[in-house]
Amino acid sequence: MPYTVALTGGIGSGKSTIAKAFAALGVPVIDADVIASELVEPGSPALQQIAARHGDNILTEQGALSRARLRTLIFQSPEEKVWLNNLLHPLINARTQQLKALTKAPYVLWVVPLLVENNLQRQADRVLVVDVDQATQLARTMQRDGIDLQQANNILSAQATREARLAVADDVINNSGAPDNVLPKVAALNQRYLALAATQQN
Ligand code: ADP
């Protein structure tokens, strides 16, 4: 298995942006959110199980999972949240392992927005946290998602705190400045991870 660097950070901190910078250096990126949505694509066994339990009401007219209805359901029923996690977590885990095993590169960047919330840090060899101050995080999230301050604040307060994330970080990228400011740091971290991956595998 390749050496695994987990990349995490709060909403709007710049995970996708930083992941692209690593990808531009040739680093394979495995995105936990992408895996999670692929697993419930129309026609997938997981989506069939969800529809069998909750009825076609949980689907959109096109037969896709209705994220809005799923959110309401989970919000209203903790038991259903557990049921869903029990269904999806093993599948997400298996797919993640499968993608890692297919990787020829010395290390992979595993983008996991909810690393701290789901206590997954032990599944990585190293944890890289993208850090920005809260005002910046709120402003970028509002702009990107077209939501107001209250909505952005609600999402933020449901996530782990900045401090909780920093507490599990091996490395931190500060993304408060202009986009290009992080590139030298990304290049330096890439060198470091290649070196760490080499010591692990020899
Ligand atoms: P995340 O994946 O952590 O939610 P994104 O990478 O999507 O965050 O970044 C959130 C928004 O902020 C995006 O619209 C992105 O283009 C923008 N952004 C990211 N980094 C910077 C930066 N250094 N300066 C200005 N805007 C940025």
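The values are calculated or read from the model by the stated rules, or taken from the named source; none is laboratory data. Everything numeric in this text was worked out from a predicted model, so none of it was measured. Virtual Cβ from ideal backbone geometry, glycine too; neighbours counted across all protein chains shown. Accessible surface areas use protein heavy atoms only, side chains included; no ligands, DNA or RNA. Shrake-Rupley method; radii C 1.70, N 1.55, O 1.52, S 1.80 Å.
Which one of the conditions (1) open to solvent by less than 60 Å² (accessible area, probe 1.4 Å); (2) over 18 Å from the mean Cα position of the chain (by Cα) does ASN181 fail to meet, given that it meets all the rest?
(1)
Where residues in region 168-196 are in a loop (DSSP other than H, G, I, E, B) and within 12 Å of the ligand (Cβ to nearest atom), which of them is nearest to GLU117 (Cα to Cα)?
Filtering first and then ranking leaves ASN175.
Could you grab me the full set of residues in region 25-57 that are small (Gly, Ala, Ser), open to solvent by less than 30 Å² (accessible area, probe 1.4 Å) and closer than 30 Å to VAL182 by Cα?
ALA32 - this is the single residue of region 25-57 that is small (Gly, Ala, Ser), open to solvent by less than 30 Å² (accessible area, probe 1.4 Å) and closer than 30 Å to VAL182 by Cα.
Kindly evaluate LEU114 against the criterion of being open to solvent by 50 Å² or more (accessible area, probe 1.4 Å) and within 17 Å of the chain's Cα centre (by Cα).
Answer is yes for this residue.
Within the set of pairs 6+ apart or on separate chains, which have a first residue in region 83-106 that is among the aromatic types (Phe, Trp, Tyr), a second that is open to solvent by 60 Å² or more (accessible area, probe 1.4 Å), and C-beta atoms under 9 Å apart?
Cβ pairs passing all conditions: TRP83/ARG53.
Of all residues in region 125-136 being in contact (Cβ under 8 Å) with a residue 12 or more places away in the chain and open to solvent by 20 Å² or more (accessible area, probe 1.4 Å), which is farthest from the ligand (Cβ to nearest atom)?
ASP125
So how many residues does region 62-83 have that are over 18 Å from the mean Cα position of the chain (by Cα) and part of a helix (DSSP H, G or I)?
14
Please work out if GLN97 is open to solvent by 40 Å² or more (accessible area, probe 1.4 Å) and under 17 Å from VAL34 (Cα atoms).
Here the answer is yes, as GLN97 does meet what is asked.
Would you point out which residue out of THR72, THR60, THR17 is of a type in the set (Ser, Thr, Tyr), within 16 Å of the ligand (Cβ to nearest atom) and either open to solvent by 40 Å² or more (accessible area, probe 1.4 Å) or within 30 Å of ASN190 (Cα to Cα) (or both)?
Going through THR72, THR60, THR17 in turn, just one is of a type in the set (Ser, Thr, Tyr), within 16 Å of the ligand (Cβ to nearest atom) and either open to solvent by 40 Å² or more (accessible area, probe 1.4 Å) or within 30 Å of ASN190 (Cα to Cα) (or both): THR17.
Quick one: LEU88 ticks every box in (1) hydrophobic (A, V, I, L, M, F, W, C); (2) surrounded by fewer than 17 Cβ atoms within 10 Å (Cβ to Cβ); (3) over 18 Å from GLN159 (Cα atoms) bar one, so which box is it?
Among (1) hydrophobic (A, V, I, L, M, F, W, C); (2) surrounded by fewer than 17 Cβ atoms within 10 Å (Cβ to Cβ); (3) over 18 Å from GLN159 (Cα atoms), the lone unmet condition for LEU88 is (2).
Looking at this structure, is ARG140 open to solvent by less than 60 Å² (accessible area, probe 1.4 Å) and of a type in the set (Lys, Arg)?
So ARG140 fails the test.
For the list (1) modelled with pLDDT of 95 or more; (2) surrounded by 13 or more Cβ atoms within 10 Å (Cβ to Cβ), I need the number of the one condition that LYS81 fails.
(1)
Can we say LEU156 is outside any helix (DSSP H, G or I) and open to solvent by less than 40 Å² (accessible area, probe 1.4 Å)?
Here the answer is no, as LEU156 does not meet what is asked.
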